[in-house]
Every structure is written in C-alpha cells, then in structure tokens.
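Bear in mind that the values in this text are calculations on the coordinates, not laboratory data. Note that the coordinates shown come from a computational prediction; the quantities given were computed from them, not determined experimentally. Counting neighbours? That spans all protein chains shown, and the Cβs are built from the backbone with ideal geometry, glycine included.
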Amino acid sequence: MKKIGITGQAGFVGNHLYTTLSLDETVELVPFQRAFFNAQTDLENFVAQCDTIIHLAAMNRHEDANVIYETNLKLVDTLINACKSKNVTPHIIFSSSSQEDRDNLYGQSKKEGKEKFIAWAAETGGKFTSLTIPNVFGPFGKPNYNSVVATFCHKVACGEEPTIIQDGEVGLIYVNELVSIFIDTAKEKANADHLGKNSYEVRIQPTSKNKVSQILKLLNRFKADYMGNGIFPSLEEPFEKALFNTFRCYVPEDHYPVKFTKHTDPRGSFVEIARTQTSGQFSFSTTVPGITRGNHFHTRKAERFAVISGKALIQLRKIGTDKVIDYYLDGNEPAYVDMPIWYTHNIKNIGDEELITLFWINEPYNPEDADTYFEDV
C-alpha cells in the first residue's frame, strides 16, 4: 500500500485530492497539518512516513509579492531539509504553475522551487516530478482567491453583479481532472518528460478555453433556469457540466427547500418535479415511519429529492466536515432539496404515515460505475 502525504491538504486542490484518495483502498494517507512547517519534529515525522509527498502548500495571494516569493521558497527549503534530516527520499510531486515562465514573483517562486527540488533529487537519489498547472476551478474554491470562476459563481448565486475587467480567453482545468493527473503521477502512470537526474515534468494543458464573458453568460443562465425555475441544464458537454456542478456548490443554503407549484382540481393534484435539458433517471420510494434511506454521496451526479406525501428530514454533510444541514419537508407543501456533490445525504420518515419521495438523478444507475459511496451523515 502506497503511503501518500499532501502538504496543503486543507487547501482547494488539496482537499479534493485528499478526499478522492481516501476512497482508494490501495493508498494510505499520511495526515498533514499546516503547523508542521513550524514544528521541525512533526514535519520530519511526516516525511519519514511517506512514500510520496505531494507538495501543494503555497501562498497565492498577498498585497506584497515579495512575501509570496519568500514564503513559497521557504516552504520548499523546509521540506527538503526535513527529508535530508531523516535521510529519506520520497517521490516529491510539486504543484508548479503555468506562471513560472512569466515575469512575476509568484511565478518566479514556482520556477526556483522546482529548481531546488531538481537539485535535491540529483543529490540524494530521490525522485521529483513537477506538474505545471493551468488555472483550476471546481467546487469549494474561495471567491476572490482561487479563480475567477469561484468569484463569479459566488456573486451570481448570491444575486450580485460580477465585473469583467478584461474579457480575455481563459484556459481552465476542472479540479476532478487535475486530481486524476496527480493520482496517475503518484502511481507512476502519467506521461512525464525528463528534466534531469531523477527529475521529471508533466506540463498540463487546459481542458477548456472560454472568454470570461462566455463563462459569465453560462452562469447567469444557470441562475435564471436552475435557481429561478428549477430547470437542470444539459449536462452532456464536459465543461458546462463541470461549471454547473461548481455553480451548485455556491447556491445559498437558504435557497432550499424550494416549494413546488401545486395545481389542484376535483381530480386531485399535479406537481411538476423537474424540467431538464439532459437525460436522467426518475424514481420514487415509499418509506415507513422511522426508517432512514441513503447515507451516501456522489462525486459527479446531480440529484434531487422531492417529498410529495408525508413528513421527512433530509440531512446533508460535506465530506471532511462535521456540520450537518437539516431540512424539514412536509408533503402538504411539496418541496425538494438537491444534493451537491461531495455531500453525504439521507432522508428519514419523521411522520406517522407512509412517506412518498420522488427522486431524479442525471445518470441512470450503473452497478459497474455507480459513483455512490456510503458514509453516515
């Protein structure tokens, strides 16, 4: 079993990488804490346990660019010194940037950090791989920090008007795609170019290129269709699917539960559950009082729970956190809650009568690729 540690595991990419690897039974994760860089013994114990270290810890934003430069190089030096102190030679995978060839101190810190790791690998016999990464987007990015996508998603979902400063073309990679490359590199399955003795490089290309205005146009459409009318967009095109899954994670918690429009006549009632521009699977369940269904999460699927009869408690919890979100629904006022990716969720009948719930999910169930991972809320 390969032992992998991730510096910066609490960051945007680090969190996605850590939670994805936690699903891999061939990997043992070595926990990392930010404080290790200020505690030599803890850092040395960390590096001594790792077969592979994925070095993501870095400073991306600061009002003084010199602080970014000095901080990032200090992190590299501290990590190298810990390895030398324990006389260990793990495979170090470095998160570099497409900015390393640009004339700015952040890019310079990445370029010089890479050079330091190359020298370490040549001197000690350790293995080093640099991943040159373009702009990354995905769920849980920090607005005004990680990417323009995170900023726009937050503002659009919260009813604010984003400002386009320069409408240039942006090359992007979705965080799930990037995580797959990191994992392939850790498992030595990635195609890498030779940099020097024991050193390699993977230059990652953007998987999509869009003008900033086009991204904003899509997000405004998601806002109007999805948040305004409950309509799921087409999820066939990879970039739009990734952008939509990202956008959904910025929808405010108090947007749910969304009440349906109930049409009643002498024959009974009619409720439209979901209009969709994509394929999917609709289903329903009946649940006796006191029974709980679910307690699982998905990494790519879009899913809706709709209560039309009975009383239910729907609970969600983001993987890796302790906060549980409770939604109470009553079939007398039919409503729905959508399940974000990376949130484990369940539904419980809390009434005295049978609970009737309708479900929609954008992919028909495939037991060979279920994308369903069980974890109690």
For the range 80-221, what is the relative contact order in percent, using Cα pairs closer than 8 Å and at least 6 residues apart in sequence?
-> 26 percent
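How high is the FRET efficiency from Met59 to Tyr256, r the C-beta distance, R0 30 Å, rounded to 0.05? Please report the intermediate quantities before stating the final value.
Numbers: r = 36 Å, r/R0 = 1.19.
Rounded to the nearest 0.05, the efficiency is 0.25.
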Diffing the range 95-104: the Karplus 3J(HN,Hα) column from phi (6.51, -1.76, 1.60, θ = phi - 60°), in whole Hz with x for Gly and Pro, holds 7, 8, 9, 5, 7, 5, 9, 9, 8, 9
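Rounded, prolate or oblate: which fits the range 181-257 when a ≥ b ≥ c are the square roots of the eigenvalues of the alpha-carbon gyration tensor, with rounded for a/c under 1.5 and prolate only if a/b beats b/c? Spell out each step's value before the answer.
Details: a/c = 3.63, a/b = 2.55, b/c = 1.42.
Prolate is the answer for the range 181-257, as a/c is 1.5 or above and a/b outweighs b/c.
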For the chain, what proportion of DSSP beta bridges, expressed in % and rounded to the nearest 5, is antiparallel?
-> 65 percent
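Please state the relative contact order of the chain as a whole percent: Cα pairs under 8 Å, 6+ residues apart?
Working: 748 pairs, mean separation 45.4, N = 377.
Relative contact order for the chain comes out at 12 percent.
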A student asked for the Cα radius of gyration and Dmax of the range 1-127 in angstrom ought to give 14.3, 43
Options (i) 21.4, 76; (ii) 23.4, 84; (iii) 20.1, 60 for Rg and Dmax of the Cα atoms in Å; the value derived from the coordinates is listed as (ii)
Output the peptides 203-214, 333-344 sorted from most to least packed, where packing is the average of other Cβ atoms within 10 Å over each peptide's residues.
-> 333-344, 203-214
Potential extension, Ile181-Ala122 segment - 0.36 nm per residue separation minus Cα distance = 18.8 nm
Potential extension, Asp322-Asp371 segment - 0.36 nm per residue separation minus Cα distance = 15.4 nm
Cα-based reach from Lys197 at 18 Å (exclusive), listing aspartates and glutamates while leaving out same-chain residues under 8 positions away | Glu112, Glu115, Glu123, Glu188
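Loop only by DSSP, 16 or fewer other Cβ within 10 Å of the Cβ. Give me the GluC sites (Glu not before Pro) in the range 203-304 that pass, ordered by residue number.
Working: sites: Glu236, Glu240, Glu253, Glu272, Glu303; in loops: Glu236, Glu272.
Passing sites in the range 203-304 are Glu236, Glu272.
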CD proxy at 222 nm, helix term only [per DSSP H run n ≥ 4: -39500 (n - 2.57); per residue of the chain; nearest 500] | -9000 deg cm²/dmol
Within straight cross-link reach of Lys155, meaning Cα distance under 16 Å, which lysines are found once same-chain residues fewer than 8 apart are removed?
-> Lys142, Lys217, Lys223
Percent of all alpha-carbon pairs of the range 198-328 at distances over 19 Å, whole number, is 64 percent
Reach of Lys3 by Cα under 17 Å, taken over lysines that are not fewer than 8 positions away in the same chain | Lys86, Lys127, Lys187, Lys189
The range 256-374: projected area of the alpha-carbon convex hull, averaged over directions, in nm² = 8.1 nm²
